[in-house]
Amino acid sequence: MIDSYPKGSVIKLPKGIYKLSDIVTLKDGMSLIADSDVVIKGTGKNTLFAAGNDNTFNGIEFQNCSVALRVLYVKGVNITNCRFTNNINYAAIDIYGAGYCTVTNSYFYNINKYGIKIDNNSSNITIGKNYFDNPKVFGGYKNPQIGGHIYCLSGYKINVTNNILKNSGGQGIIFAYSSTTGNGTTNCIARNNICSGNGQEGITIYGGIKKLSSGNSIIDNTSKNNRYNQIEVWQSDNNTVSGNTVEESKAGIGNLGAICLFTTTGTTVTGNTIVSAQNNGIDITAGSLYNTITDNNIADTNLNNNITNSEKGNAILLDSAGISQPQYTTIRNNKISSSIGVINKSGIYSTSNSNKHNKIDNNTITDYKSGFHSYAKMTCGI
């Protein structure tokens, strides 16, 4: 039926359940609009639709397939008010080499691997006001998974805003890199999202050994009780982490730090609120250089207080992580406090006691056993 329509057609699908055993390829400019209660189901193994340029999908529910919508080397695809549910095995939406596409006001539930996967230098993609959830904490997976709700392997100008992302097997949001194409993710932003209970991090920027991803921003998000670090910048340079609220109030979660910088250069962490952390509040580690940590509010770290080693539970930690000590780090105007009594750790601590050319000053530290630890002072040449 769809093949019989010309380019640019608006096709209104009557109420019903449509079963597809193969893939339907749309012509440019086509719109598929649900008249009411339209469900399109596959075999569990097939791709349902291959998009053309300037296609619109509105109000449709997609179920039981490998990929619901394949957006391959096209532009102007708009997906709104759709639902992706019940046994989607690879990706609800697979965006590859595409541009100027939007996914808005849609619902993703029980996706087995990727909610939205973005790769091959896709650009100018807007993902906003969507709801992602899996039926169980960590997507029902005992172990963390490679996958996640919004998984960008390579692209630029990807805007992820105002989404709720819960309980994936992997990250809530990741700006990563593609080992296949050798390209990363740049000039992208995650803003005003809520990420909770995901199986790896809430939000991650990851560039790999070659630091292929850079220049991304994580701004004004809430990241709470994800399995590992709540916000992570890993092997990626020149990023911004600003105005976020992070929390680790649930036992058994958390890793290096609620906010973690690992082998990153030129990243700014400013104006964030760390409500609680099972281990460290902000962890700066593994050869990170020229990073700036300013005007953050850090409270109530070391909630996993059975930790006895000095590297865990501090408000701000400088550590080698077996690689090399962070250097040329500016830590300034941060407020560090406790509402649970005196915390038996340091407000600012370093595992090195030699000069690393750091600048640490004007921080307010209360109710930590050691405020500005002598080792941290020594990294400033004091």
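The values are calculated or read from the model by the stated rules, or taken from the named source; none is laboratory data. What you see is a predicted model, and the numbers here were worked out from it, not measured in a lab. As a convention, Cβ positions derive from the backbone with ideal geometry for all residues, glycine included, and neighbour counts pool all protein chains shown. SASA here: full protein model, heavy atoms, side chains in, ligands and nucleic acids out. Shrake-Rupley method; radii C 1.70, N 1.55, O 1.52, S 1.80 Å.
Side notes on the structure shown:
- Unmet criterion (only one of (1) farther than 18 Å from Asn163 by Cβ; (2) open to solvent by 10 Å² or more (accessible area, probe 1.4 Å)) for Arg83: (1)
- Restricted to the stretch 146-163, and to residues there that are part of a loop (DSSP other than H, G, I, E, B) and not small (Gly, Ala, Ser), the residue that is most open to solvent (accessible area, probe 1.4 Å) is Ile146.
- So Ile203, is it surrounded by fewer than 20 Cβ atoms within 10 Å (Cβ to Cβ) and in contact with a strand residue (DSSP E or B) (Cβ under 6 Å, 6 or more places away or on another chain): no
- Of the candidates Asn105, Asn64, Asn87, the single residue that is closer than 25 Å to Ile146 by Cβ, of a type in the set (S, T, N, Q) and modelled with pLDDT of 95 or more is Asn64.
- Residue, surrounded by the fewest Cβ atoms within 10 Å (Cβ to Cβ), within the stretch 164-199, restricted to residues that are in a loop (DSSP other than H, G, I, E, B) and modelled with pLDDT of 95 or more: Asn187
- From the list Asn81, Asn58, Asn46, the one residue that fits, being of a type outside the set (Ser, Thr, Tyr) and farther than 18 Å from Asn130 by Cα, is Asn46.
- Among residues of the stretch 114-137, those that are over 22 Å from Tyr73 (Cβ atoms) and touching a residue at least 40 places away in the same chain (Cβ under 8 Å), counted: 2
- In the stretch 313-334, the residues that are open to solvent by 40 Å² or more (accessible area, probe 1.4 Å) and touching an Asp or Glu at 6+ places or on another chain (Cβ under 8 Å): Arg332, Asn333
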